[in-house]
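A.B. asks: The structure follows.
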């Protein structure tokens, strides 16, 4: 299956990507997607402990199961306002 | 004006205030956030805001729903700007009108605090002299 991964702020700077399509095994979890992301972009290891993930615009925990076509966002610590 | 808005264009606080005007309201609170000159003793030229627009908009609608559930709000409007802002520019404005002032203060305070902690937004400080750095931030809340 393929999910769309969006990178923001420092994650975008470290990958030089705004988004990419990521191929994952059917039924992969957010945690497995994160592992694949770190394999593709080892530079993200420095910030990964501080990031959270959203799936289709909702914060997801690491055990959530992904589906084909999901939009996953890599969200570094936020600072709006 | 739509009750929640994320925009690249300058925010006019007087329009945000006018948007919550209502004859049912007896107390209105307007919060305006602006870009500050100093950040930990360094001089700032401006901030660049990045946003995950679709999610941020959903979250602002969710904040509105939570505020309305908790306080008897007559009208509420929240606007957040993104892109390149300079010192003095308005980055965010929240206006709440209620029957009485106490709940208007509380609801407005809750809305801006929740905006800061739960919107997928990031800001990069641009310092005088050319250096830039992402503001440290906090893990996104729910």
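A.B. asks: Scan the range B:51-59 and tell me whether some residue there is at pLDDT 95 or above and more than 19 Å from residue A:52 (Cα to Cα).
C.D. replies: no
A.B. asks: Restricting attention to the range B:111-131, which residues are more than 18 Å from residue B:54 (Cβ to Cβ), in contact (Cβ under 8 Å) with a residue 24 or more places away in the chain and either within 9 Å of chain A (Cβ to nearest Cβ) or more than 11 Å from the chain's Cα centre (by Cα) (or both)?
C.D. replies: Those that are more than 18 Å from residue B:54 (Cβ to Cβ), in contact (Cβ under 8 Å) with a residue 24 or more places away in the chain and either within 9 Å of chain A (Cβ to nearest Cβ) or more than 11 Å from the chain's Cα centre (by Cα) (or both): B:112, B:117, B:123, B:124, B:125, B:126, B:127, B:128.
A.B. asks: A follow-up question, please. Test residue B:107 against the stated conditions and say whether it is out of contact with any helix residue (DSSP H, G or I) (no Cβ under 6 Å at 6 or more places or on another chain), away from every other protein chain (no Cβ under 11 Å) and assigned to a helix (DSSP H, G or I).
C.D. replies: No, not satisfied.
A.B. asks: Give just the number: which of (1) buried (at least 16 other Cβ atoms within 10 Å of the Cβ); (2) touching a helix residue (DSSP H, G or I) at 6+ places or on another chain (Cβ under 7 Å); (3) over 14 Å from residue A:81 (Cα atoms) does residue B:72 not satisfy?
C.D. replies: Only one criterion is unmet by residue B:72, namely (1).
A.B. asks: Looking at residue B:41, is it surrounded by fewer than 20 Cβ atoms within 10 Å (Cβ to Cβ), modelled with pLDDT under 95 and out of contact with any helix residue (DSSP H, G or I) (no Cβ under 7 Å at 6 or more places or on another chain)? Don't jump to the end; show me each part of the working.
C.D. replies: On the way: surrounded by fewer than 20 Cβ atoms within 10 Å (Cβ to Cβ): yes; modelled with pLDDT under 95: yes; out of contact with any helix residue (DSSP H, G or I) (no Cβ under 7 Å at 6 or more places or on another chain): yes.
Considered against the rule, which asks whether it is surrounded by fewer than 20 Cβ atoms within 10 Å (Cβ to Cβ), modelled with pLDDT under 95 and out of contact with any helix residue (DSSP H, G or I) (no Cβ under 7 Å at 6 or more places or on another chain), residue B:41 comes out as yes.
A.B. asks: Okay, moving on. Would you say residue B:95 is within 16 Å of residue B:7 (Cβ to Cβ), surrounded by 20 or more Cβ atoms within 10 Å (Cβ to Cβ) and more than 11 Å from chain A (Cβ to nearest Cβ)?
C.D. replies: Answer is yes for this residue.
A.B. asks: Still on this structure, I have one more. Let me confirm something: among B:48, B:77, which residue is in a strand (DSSP E or B) and either more than 12 Å from the chain's Cα centre (by Cα) or without any contact (Cβ under 8 Å) to a residue 24 or more places away in the chain (or both)?
C.D. replies: One residue alone meets the criteria, B:48.
A.B. asks: Separate question: Hey, any hits in the range A:32-47 for a residue that's more than 14 Å from chain B (Cβ to nearest Cβ), in contact with a strand residue (DSSP E or B) (Cβ under 6 Å, 6 or more places away or on another chain), assigned to a loop (DSSP other than H, G, I, E, B) and in contact (Cβ under 8 Å) with a residue 24 or more places away in the chain?
C.D. replies: No, that holds for no residue.
A.B. asks: A follow-up question, please. Only one residue in B:58, B:68 is without any contact (Cβ under 8 Å) to a residue 24 or more places away in the chain, assigned to a helix (DSSP H, G or I) and within 11 Å of another protein chain (Cβ to nearest Cβ). Which one?
C.D. replies: Matching residue, one of B:58, B:68: B:58.
A.B. asks: Restricting the search to the range A:65-81, which residues are assigned to a loop (DSSP other than H, G, I, E, B) and away from every other protein chain (no Cβ under 11 Å)?
C.D. replies: Once the filter is applied, which keeps residues that are assigned to a loop (DSSP other than H, G, I, E, B) and away from every other protein chain (no Cβ under 11 Å), the range A:65-81 yields A:66, A:67, A:68, A:69, A:70.
A.B. asks: Give the residues of the range A:1-27 that are part of a strand (DSSP E or B) and more than 12 Å from the chain's Cα centre (by Cα), sorted by residue number.
C.D. replies: A:2, A:23
A.B. asks: Could you please find all residues in the range B:75-86 being crowded, with 16+ Cβ neighbours inside 10 Å and more than 10 Å from chain A (Cβ to nearest Cβ)?
C.D. replies: Of everything in the range B:75-86, those that are crowded, with 16+ Cβ neighbours inside 10 Å and more than 10 Å from chain A (Cβ to nearest Cβ) turn out to be B:75, B:76, B:77, B:78, B:79, B:81, B:85.
A.B. asks: Search the range A:48-64 for residues being within 12 Å of the chain's Cα centre (by Cα), at negative phi and part of a loop (DSSP other than H, G, I, E, B), and hand back the single one that is farthest from the other protein chains (Cβ to nearest Cβ).
C.D. replies: The extreme case among them is A:62.
The values are calculated or read from the model by the stated rules, or taken from the named source; none is laboratory data. Predicted model, so just to flag it, every value in this text is computed and none were measured. Cβ coordinates were reconstructed from backbone atoms using ideal geometry, including for glycine residues, and neighbour counts include every protein chain displayed.
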